[in-house]
Amino acid sequence: MDYLYSLYAALVSINVPNDKARAVGVRQDLDVLAAGLRKDLELLSTTMTVKLGSMLVVGFGVMIALSKYLPD
C-alpha cells in the first residue's frame with residue numbers, strides 16, 4: 001500500500017489534481033482486488049468440480065454395489 005501513497009505524492013508533485021491522483025490509487029486498488037477475486041473464483045470453481053466428480057464416483061459405486069447384492 002505504500003507504493004500507492006508514493007504514487008499519489010508523485011502525481012501531486014507534478015501538478016496532477018488531487019482528485020485525479022486519488023482516482024489513480026483507487027483504480028489500482030480495484031485492479032488488485034479484482035485480480036484476487038478472479039483467483040478466488042477460479043479456485044472455488046476447481047474445488048466444486050472436484051467435489052462433484054467425487055460425489056458422482058461414490059454414487060455410481062453405491063449403485064453398482066447395490067445392483068450386485070440386491071436380488072433381481
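Data table
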item	result
Any pair with Cβ under 9 angstrom, 6 or more apart, that starts in the range 27-54 at a residue that is under 30 Å from residue 8 (Cα atoms) and ends at one that is modelled with pLDDT under 95 and part of a helix (DSSP H, G or I)	28/3; 28/4; 28/7; 29/4
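Here's the yes/no breakdown for (1) in a helix (DSSP H, G or I); (2) at negative phi; (3) surrounded by 10 or more Cβ atoms within 10 Å (Cβ to Cβ); (4) in contact with a strand residue (DSSP E or B) (Cβ under 8 Å, 6 or more places away or on another chain):
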site: 15; (1), (2), (3), (4): no, no, no, no
site: 21; (1), (2), (3), (4): yes, yes, yes, no
site: 29; (1), (2), (3), (4): yes, yes, yes, no
site: 39; (1), (2), (3), (4): yes, yes, yes, no
site: 46; (1), (2), (3), (4): yes, yes, yes, no
site: 55; (1), (2), (3), (4): yes, yes, yes, no
site: 61; (1), (2), (3), (4): yes, yes, yes, no
site: 67; (1), (2), (3), (4): yes, yes, no, no
site: 71; (1), (2), (3), (4): no, yes, no, no
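To keep it simple, each residue is scored yes or no on (1) under 17 Å from the mean Cα position of the chain (by Cα); (2) at pLDDT 95 or above.
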| site | (1), (2) |
| --- | --- |
| 6 | no, no |
| 32 | yes, no |
| 46 | yes, yes |
| 60 | no, yes |
| 70 | no, no |
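The values are calculated or read from the model by the stated rules, or taken from the named source; none is laboratory data. Keep in mind it's a predicted model, so treat the numbers as computed, not measured. So basically every Cβ, Gly included, is an ideal-geometry build from the backbone, and we count neighbours across all protein chains shown.
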